[in-house]
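The values are calculated or read from the model by the stated rules, or taken from the named source; none is laboratory data. Keep in mind that this is a model prediction, so the values were computed, not measured. Cβ: placed from backbone, ideal geometry, glycine included. Neighbour counts: every protein chain shown. These area figures cover heavy atoms from the full protein model, side chains too; ligands, DNA and RNA do not enter into them. Shrake-Rupley method; radii C 1.70, N 1.55, O 1.52, S 1.80 Å.
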Amino acid sequence: MIMSANLDIETNAEDQLTIGGIEATKLVQQYGTPLNVYDVARIRSQIRKFKKVFEEEQTEYEVSYASKAFSSIAIFQVMSQENMHIDVVSGGELYTALQAHFPASQISFHGNNKSREELSMALENHVGTIIVDNFHELELLQSLLEEQPTTVNIILRVAPGVSAHTHEYDQTGQIDSKFGFDIDSGQADQAFEIVNQNSNLNLIGIHGHIGSQIFESEGFDLEVERLMQLLVHWKKRYDFVSEVLNVGGGFGIQYVGTDNPPAPEELVRQIIQNVRQAAEQNHLPLPAIWIEPGRSLVGPAGYSLYTIGSRKDIPNYQPYVSVDGGMGDNIRPALYQADYSGVVANKVHAPVVENVRISGKYCESGDILIKNQPLPETKPGDIFAILATGAYGYSMASNYNRNPRPAVVFVENDRAQIVIKRETFQDLVNLDSEYFINIGGNYDKENDRTRNY
Ligand SMILES: Cc1ncc(COP(=O)(O)O)c(C=O)c1O
């Protein structure tokens, strides 16, 4: 069956794909391919939709961008302009946010194996909240706080024991998970007691995250139930009143025409209403509700632009049409069997003549970006745009096969600007050094025998 992508795209009178008002092919002329482009207005619009729901529901809240979806100085600046919170999960993400002058007090530091150095960096820079994941981290924090006495806000991450209906690799909230303190076996209680004994650790709440690319509300309903049960238990047992309930992210987006997710903000509305109801029933004050969307903020705003090159036709098999990028700039199809859809940017509505596989240029048979793509007639040099690639694309990019990573461009108000330069071949060898142990330990560049091999 030949299906056309019915994702939300804009075209002009010449049937050209436009992004934020600019023709995709113009961006390609200026910046080359492969190219990642973000429509910044779309990111801002989704942020505002999330915030509006909280305002309408009259709840204390934070919308914290899960920056693993895409982190760069420019995106942190946008988040700062929108007065957002952000999550970081590594020293590198934290460093990038600080380089963007993102306010440290609005940063939460996540991760299941934060190093002593990373935690120390977070404390030195007065990060707003550390989301503590495990006992080892509690020990590290306690020992660091003895050396650099200060008070830090923490949230305890618990595993709510909920498996959201999503791809297996995306599940993080079930009991058998590397993330967070288990509730049923008493780990969460034990963590609470440790924290309670340390006056430098200011426990402001609990956190749960049940997975990613979630379309149904049931998983969130169960998560809220489990987290609120824990708060009721801690009120009874420890007289603890939580300021914050952080329910994580995971709100799904549309990648292909058959995906039909609810608006992410409507999943959030239901979460708020469930929390309020549980708080009222259990006579608890309503905690501030924090959410951590990543994909839903930047995913739909992102486009990957490629140039079509070779093709291979095999009798009785679906053709391969290859583009000049692939698993190095978007690992998700190979890693998660993730589906995407795309359009030929220079003739979006031209009649479809065939269904093909869009293959990448990497030396792996599994480097197929789209398994079943309807295409009009194409020729080498046409521009193929994959839609909704803004989350976990560039942020998971690699230099596999020593391919340079693409450039990233932000488009807003009919203007485009490079925010991450294209890597060069020189960049690829910048961290390399020549090897000389086997030639006697004295490296003589002029007479390097290895050069003649
Ligand atoms: C703890 C936590 N919060 C938020 C997110 C963001 O999820 P998503 O991008 O699906 O919204 C993730 C992603 O895995 C996560 O692990």
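What to note about this one:
- Criterion violated by Asp259 - all others in (1) out of contact with any strand residue (DSSP E or B) (no Cβ under 8 Å at 6 or more places or on another chain); (2) closer than 19 Å to Gln213 by Cβ; (3) not assigned by TED's automatic domain parsing to the domain that holds Lys52 satisfied: (3)
- Scanning the range 127-165 for residues that are closer than 30 Å to Asp221 by Cβ, free of Cβ contacts under 8 Å to residues at least 60 places away in the same chain and assigned to a loop (DSSP other than H, G, I, E, B) yields Gly128, Asp133, Asn134, Ser163, His165.
- Any chance Gln417 is open to solvent by 50 Å² or more (accessible area, probe 1.4 Å) and assigned by TED's automatic domain parsing to the domain that holds Asp313: yes
- Residue that is touching a residue at least 24 places away in the same chain (Cβ under 8 Å), open to solvent by less than 40 Å² (accessible area, probe 1.4 Å), away from the ligand (no atom under 16 Å from the Cβ) and charged (D, E, K, R), where the choices are Glu124, Glu82: Glu82
- The set of residues in the range 85-99 that are open to solvent by less than 10 Å² (accessible area, probe 1.4 Å), away from the ligand (no atom under 14 Å from the Cβ) and out of contact with any Asp or Glu (no Cβ under 8 Å at 6 or more places or on another chain) contains only Ala97.
- Within the range 273-294, the residues that satisfy the criterion of being open to solvent by less than 10 Å² (accessible area, probe 1.4 Å) and within 16 Å of the ligand (Cβ to nearest atom) are Ile289, Ile291, Pro293, Gly294.
- Matching residues, the range 204-249, being open to solvent by less than 20 Å² (accessible area, probe 1.4 Å) and within 22 Å of Val127 (Cβ to Cβ): Ile204, Gly205, Ile206, His207, Gly208, Ser242, Val244, Leu245, Asn246, Val247, Gly248, Gly249
- Of all residues making up the range 190-222, the number that are within 30 Å of Thr150 (Cβ to Cβ) and either within 16 Å of the ligand (Cβ to nearest atom) or in contact with a Leu (Cβ under 9 Å, 6 or more places away or on another chain) (or both): 14
- Note on the range 408-437: residues that are at positive phi and out of contact with any helix residue (DSSP H, G or I) (no Cβ under 9 Å at 6 or more places or on another chain) amount to 1.
- Residue in the range 52-61 that is among the β-branched types (Val, Ile, Thr) and buried (at least 24 other Cβ atoms within 10 Å of the Cβ) present: no
- Yes/no for Tyr392 being among the aromatic types (Phe, Trp, Tyr), over 21 Å from Tyr317 (Cα atoms) and open to solvent by less than 50 Å² (accessible area, probe 1.4 Å): yes
- Residue match in the range 115-129 (condition: at pLDDT 95 or above, of a type in the set (Ser, Thr, Tyr) and closer than 28 Å to Met228 by Cβ): yes
- Residue match in the range 257-269 (condition: of a type outside the set (A, V, I, L, M, F, W, C) and under 20 Å from Asp87 (Cα atoms)): yes
- Among the residues of the range 313-359, those that are of a type in the set (Phe, Trp, Tyr), surrounded by 14 or more Cβ atoms within 10 Å (Cβ to Cβ) and not in a strand (DSSP E or B) comprise Tyr336, Tyr340.
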